[in-house]
Amino acid sequence: MTQNYQDILEDIYHETRPLLGQGRVADYIPALAQVDHSKYGIAIETLEGKSYQVGDANIPFSIQSISKVFLLSMVIRVLGKKLWSRVGREASGTAFNSLVQLETEHGIPRNPLINAGALVVSDCLCTFSPQPLRHLLEFVRELSSNPQIQYDSLIANSERKFGHRNAALVHFMKSFGNIKNDVDEVLNIYFHQCALMMSCVDLARAFLFLANEGIHPHTQEALLTPSQSKRVNAVMQSCGFYDESGEFAFTVGLPGKSGVGGGIVAVVPKRLSICVWSPELNAKGNSLVGMKALELFTTKTGISIF
Ligand code: GLN
């Protein structure tokens, strides 16, 4: 089906702008609270190499938990199925930073897209990569074909200073033997991945390999096997929005991932990827305008995986 994505993006942008002001910017990481609330952008990148953008689609923002998908991809590529003995793949039904299930489930996090799971995945990267932060930066730069991507050290330091919950999670899992490396090293990787600065265009590009059975659409490099790519999409579908994952499947119907910086990326298998950024969040920690924009996108285009 041929779609006029540019017209559709502009319609969505104008229809959803009145919602700005209804959410709340994350302020539990003080450096994140500095962001301009009114920023709003959307970008689409297609497998055919077309780009569509509206609003602030080229401004880098803190990608926060969207980075969990990059880490998961890097680790699944090396460890394959072995990863699943350390972390589950079931929706948690709890907040992204919750500790409650970990005690009864013996330090095995429900899935890799909540904080506990991403900390285990960071630990795995720390084990096999001699320079994990450099390795991650190279990976995202290659994915988005943008060598300018950087970590924001102010945000990473702010998270370190106020990240008591993440520290609690990693220490608690270490007590169960599910963290192998030094806790501070693992936290350093985790806080930096969250502090990656990327624009909607960068993110839409970077997720395209997941719409393409794991193959980088420009270099044709197989980054994941088709089966691994399918698994990453499945985990995004069931766990990408914490305890709003069911709602995202219900209203949007695509695999995706959000972050408390206000970004959301979604994948249309074999076709495109789309990223929305609006920093104000809803009560579940997902971008309020972003959720609505993506709902309108799949409604207006008739696209859905279901
Ligand atoms: N850095 C954030 C945290 O660990 C990431 C959470 C998110 O984006 N949901 O609390």
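The values are calculated or read from the model by the stated rules, or taken from the named source; none is laboratory data. Being a predicted model, the structure only gives us computed values, none of them experimental. As a convention, Cβ positions derive from the backbone with ideal geometry for all residues, glycine included, and neighbour counts pool all protein chains shown.
Looking at the range 18-66 only, could you name the residues that are away from the ligand (no atom under 16 Å from the Cβ) and free of Cβ contacts under 8 Å to residues at least 60 places away in the same chain?
P18, S38, E48, K50, Y52, V54, G55
Applying the selection to the range 68-98, what residues are part of a loop (DSSP other than H, G, I, E, B) and either of a type in the set (A, V, I, L, M, F, W, C) or within 16 Å of the ligand (Cβ to nearest atom) (or both)?
Residues satisfying the conditions are V87, A91, S92, G93, T94, A95, F96, N97, S98.
Applying the selection to the range 111-126, what residues are in contact with a Leu (Cβ under 9 Å, 6 or more places away or on another chain) and either more than 15 Å from the ligand (Cβ to nearest atom) or of a type outside the set (A, V, I, L, M, F, W, C) (or both)?
Answer for the range 111-126, where residues must be in contact with a Leu (Cβ under 9 Å, 6 or more places away or on another chain) and either more than 15 Å from the ligand (Cβ to nearest atom) or of a type outside the set (A, V, I, L, M, F, W, C) (or both): P112, N115, G117, S122, C124, L125.
Would you be able to say whether some residue in the range 3-24 is over 19 Å from the mean Cα position of the chain (by Cα), under 30 Å from Q228 (Cα atoms) and in a loop (DSSP other than H, G, I, E, B)?
Within the range 3-24 (the criterion being over 19 Å from the mean Cα position of the chain (by Cα), under 30 Å from Q228 (Cα atoms) and in a loop (DSSP other than H, G, I, E, B)), the answer is yes, since at least one residue qualifies.
Could you say which residue among S199, S258 is within 16 Å of the ligand (Cβ to nearest atom), modelled with pLDDT of 95 or more and crowded, with 20+ Cβ neighbours inside 10 Å?
Exactly one of S199, S258 is within 16 Å of the ligand (Cβ to nearest atom), modelled with pLDDT of 95 or more and crowded, with 20+ Cβ neighbours inside 10 Å, namely S258.
Six or more apart or on different chains, Cβ under 6 Å: which pairs go from a residue in the range 130-151 that's part of a helix (DSSP H, G or I) to one that's among the aromatic types (F, W, Y)? Could you list them?
Going by the 6 Å Cβ cut-off, the qualifying pairs are V140/F70.
Looking at A95, A57, which one is crowded, with 19+ Cβ neighbours inside 10 Å and within 19 Å of the chain's Cα centre (by Cα)?
That would be A57, the only listed residue that is crowded, with 19+ Cβ neighbours inside 10 Å and within 19 Å of the chain's Cα centre (by Cα).
Quick one: count up the residues across the range 256-267 that are within 21 Å of K50 (Cβ to Cβ) and either touching a Leu at 6+ places or on another chain (Cβ under 6 Å) or part of a loop (DSSP other than H, G, I, E, B) (or both).
3
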